[in-house]
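These notes are about the structure you will find just below.
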Amino acid sequence: MFVLGIETSCDETAVAVVKDGREVLSNVVFSQVQEHAPFKGVVPEIASRNHLRKIVPVCDEALRKAGISLAQVDGIAVTMGPGLIGSLLVGVQFAKALSFALSKPIVGVHHLEAHWFAIFLTPAPPSFPFVALVASGGHTHLYEVRAVGDATLLGQTLDDAAGEAFDKAASLLSLPYPGGVHIQKTAQGHNPNAIRFPRGMSKSDSLNFSFSGMKTALKRYLQEQGETAQEKLGEIAASFQEAIVDCLVEKAISAAKGTKKLVLAGGVAANQRLRERLALACKNAGIEFFPVPLEFCTDNGAMVAGLGYHYLSCEMRPSKWCKYGLDIDAMDGWVV
Ligand code: KG4
Ligand code: ZN
């Protein structure tokens, strides 16, 4: 079964073809980073205009790379939300038009479920149940996942998302946008314990996160240091990264104590320090660790197609995590 997966929830125009929910035949991502970089953040109107410009060529390329024609597509999966409304509308409307024209079934999926479902694109995915940490530019959420379309929220950020904290810190340090990967590069080889930034919620039993205090502390530190801060850029980046990683590791390990399995997903899951620290912490706590491969961490169509297969290949699965048919709509603030 060939499923076409369409993802346009933020600033990546992405389309993929996945066979039988496992085999990624193509995964084309047009990143709009260059368009948004001058503004140091995603500009919603620019994002939707670029999706509109790119969705057809990206889809054509995904089909060409997969070596199949549109007529061979068996089903369509699209991210229905949450995300930027103008961006979502482009993907959803495009997917509906394809479904109508090809008379093929369509399912609208949840962006976060797609993120953790990317682990099923790997040769040895976990069995259910497991805990998923999804850390991205818009989300820092912990879920207990019991099956396809069955997951419970355990904790989430109360303010900034982890990726947002990385991006805002990068901006304060005059590093390019999006900042996560640049903080990681700047931090490389520097002392992560040089400066002690606050760890929000670390003394609390709850599984929620808070990153805004960390960002304020960095701002204050930079003001105090003045021009000398530039000489310590490496250790500032390493210490800030460590503070975020500490919070993510602590809560993820507490959350996964029951299921003994942890999936790490979302754009921030690409962070090397986080992957290393979580691997070690899981080993020490007897938890099996399943990091999503780097190519499927940031937004992509393969994770949507992979998840879509599980909904489309069985009888219509009633779930609050998806919707079927041509009356699906973009749901920007979709919370499950
Ligand atoms: O999942 P994603 O592509 O989009 C959203 O759904 O938000 O995540 C993008 C986020 C950005 O904030 C970016 O800075 C962060 O993921 N990110 C990283 C790294 N690569 C991407 N953060 C830390 N380290 C990285 N290597
Ligand atoms: Zn995402």
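Values for this structure:
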{"item": "Gyration tensor (alpha-carbon) shape descriptor, region 124-291, a/c threshold 1.5", "result": "prolate"}
{"item": "More than 17 Å apart - percent of Cα-Cα pairs taken over region 39-122", "result": "57 percent"}
{"item": "Electrostatic dipole magnitude of the chain [Cβ: Lys, Arg +1; Asp, Glu -1; Cα centre; debye, to 20]", "result": "440 debye"}
{"item": "By accessible area with a 1.4 Å probe, ligands and nucleic acids excluded, highest first: order of Val335, Val263, Val90", "result": "Val335, Val90, Val263"}
{"item": "Cβ-based charge dipole, the chain, positive-most Cα from Leu222, Val56, Phe197", "result": "Phe197"}
{"item": "Along principal axes, Cα extents of the chain, largest first, whole Å", "result": "62, 45, 31"}
{"item": "Region 124-291 - accessible surface per residue (Å², probe 1.4 Å)", "result": "42 Å²"}
{"item": "Relative contact order of the chain, pairs being alpha-carbon contacts under 8 Å that are 6 or more residues apart, as %", "result": "26 percent"}
{"item": "Listed residues Asp327, Asp160, Asp60 arranged by accessible area, highest first, probe 1.4 Å", "result": "Asp327, Asp60, Asp160"}
{"item": "Using alpha-carbon coordinates, inclination of helix 212-225 to the longest axis of the chain, degrees", "result": "40 degrees"}
{"item": "Selection from Thr157, Gly213, Ala124 lying farthest towards where the dipole of region 120-276 points positive, charges on Cβ", "result": "Ala124"}
{"item": "HN-Hα J in Hz across region 42-57 - Karplus 6.51, -1.76, 1.60, θ = phi - 60°, x for Gly and Pro", "result": "7, 9, x, 5, 5, 4, 5, 4, 6, 4, 4, 5, 9, 4, 5, x"}
{"item": "Nearest-ten-degree value, helix 233-255 long axis tilted from longest Cα axis of the chain", "result": "60 degrees"}
{"item": "Surface share of carbon and sulfur [accessible, 1.4 angstrom probe, percent] for the chain", "result": "53 percent"}
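The values are calculated or read from the model by the stated rules, or taken from the named source; none is laboratory data. Just so it is clear, the structure is predicted and the values come from calculations on it, not from any experiment. Counting neighbours? That spans all protein chains shown, and the Cβs are built from the backbone with ideal geometry, glycine included. The accessibility values were calculated without ligands, DNA or RNA, using every heavy atom of the protein model including side chains. Shrake-Rupley method; radii C 1.70, N 1.55, O 1.52, S 1.80 Å.
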